[in-house]
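Trainee: Pasting a structure below so you can have a look.
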Amino acid sequence: MRAAARSFRVVALFAVLGSIGLGFARPTSADAGLRAIEQRAHQAIRAGDYESAIAAFEDLERAGVAEPNIYYDRALAHLRLNELGKAIVWLERARFLAPFDAEIQSALAQTTSLLREERENENHGEPLYSPESFLTSTTALIGKDLLGALALFFELVCFISVFLLISSQNERLRIALGLVSSFSFILFLAMLVGIGARLEWFSEGNRAVLVAKEAVLRAGPDEAAEGRRIIREGDRFLVIGERRGFYEVRLPDADRGFLERDSLLILRPKRTD
């Protein structure tokens, strides 16, 4: 009964989000080959052949195509296959490129809620693990391009204020310019910190999500190594190293171990920096 109910919820969520995902405006591309692959992916989704759609999206990924609408639609294909962890990864990647898109945010929230409900039903209320810091969470909805633009604006304000401060003879104006230059410099630094948080400059490793239904956290990079605990689909952690086909990871509770490479996906591959 639980499996049937879960399947119904996934179908219902896909029906709602799918009507949104296929409605994204498509940018014009000069590469007819890539357009053909994208069309093949969407035709496969409409035909219900989600495996073929994902294969086409993988071809676009290998070609270096990084667009939020494509990531969104790929997430919907994974969702229809009950691959909630992978759906979350692609929605997170879409949100990184389009942080203000309400549809992406809604899809991510609903998919995460669906996975949380499943875990509560099947694993006695076991929560999702998430290592996100306060700094990361507070900058999640601000695009790095906007942060960069604001940093340049406050830097310019600070420079102009200092220039006028040096040349001005009016004492009151000098006090006001001093305050403006000080606050604009502080805000400039704040924008730099925000950019650093978005690009994970301050993180020990790369944020990742377990996409397998479950995996064993092992003491070493070997299938014969001691199993320490079970990590389940949707859990988040930091990847801090790689050895012999295993990722070394750190969990939110600071526990460390090794997970098989194929069991997880890094949220933001380096090529999207």
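Read-outs: derived from the displayed coordinates by stated rules, not from any lab. Everything quoted here is computed from the prediction, not taken from an experiment. Cβ coordinates were reconstructed from backbone atoms using ideal geometry, including for glycine residues, and neighbour counts include every protein chain displayed.
Trainee: For residue 113 and residue 193, FRET efficiency with R0 = 45 Å and r from the beta-carbon atoms, rounded to 0.05?
Mentor: Efficiency computed from Cβ-Cβ geometry: 0.90.
Trainee: Same structure, new question: What is the gain in length, in nm to one decimal, between residue 174 and residue 222 on full extension, counting 0.36 nm per residue of separation less the C-alpha to C-alpha distance? Could the numbers behind the result be given before it?
Mentor: Working: separation 48, 0.36 × 48 = 17.28 nm, distance 6.63 nm.
That pair, residue 174 and residue 222, stretches by 10.7 nm at full extension.
Trainee: Follow-up. For the range 246-257, what does the Karplus curve 6.51 cos²θ - 1.76 cosθ + 1.60, with θ = phi - 60°, yield as ³J(HN,Hα) per residue in whole Hz, taken in order and with x for Gly and Pro?
Mentor: 10, 9, 8, 10, 10, 7, x, 8, 6, 5, 10, x
Trainee: Let me ask you something else. Could you give me the ³J(HN,Hα) list for the range 57-67, computed from phi with Karplus coefficients 6.51, -1.76, 1.60 and θ = phi - 60°, whole Hz, x at Gly and Pro?
Mentor: Result, ordered by residue: 4, 5, 4, 5, 4, 5, 7, x, 6, 10, 10 Hz.
Trainee: Then there is this: Tabulate in residue order the Karplus-calculated ³J(HN,Hα) for the range 230-245, using 6.51 cos²θ - 1.76 cosθ + 1.60 with θ = phi - 60°, rounded to whole Hz; enter x for Gly and Pro.
Mentor: 9, 10, 10, 3, x, 5, 10, 6, 10, 8, 10, x, 8, 8, 6, x
Trainee: Stretch residue 121-residue 167 to full length: gain in nm at 0.36 nm per residue minus the Cα-Cα span?
Mentor: 9.7 nm
Trainee: Next question. With label points built 7 Å along Cα→Cβ from the Cα atoms of residue 36 and residue 160, find their separation and express it in nm.
Mentor: 5.2 nm
Trainee: Within 12 Å, Cβ to Cβ, of residue 53, how many net charges do the neighbouring residues add up to if Lys/Arg are +1 and Asp/Glu are -1?
Mentor: -2
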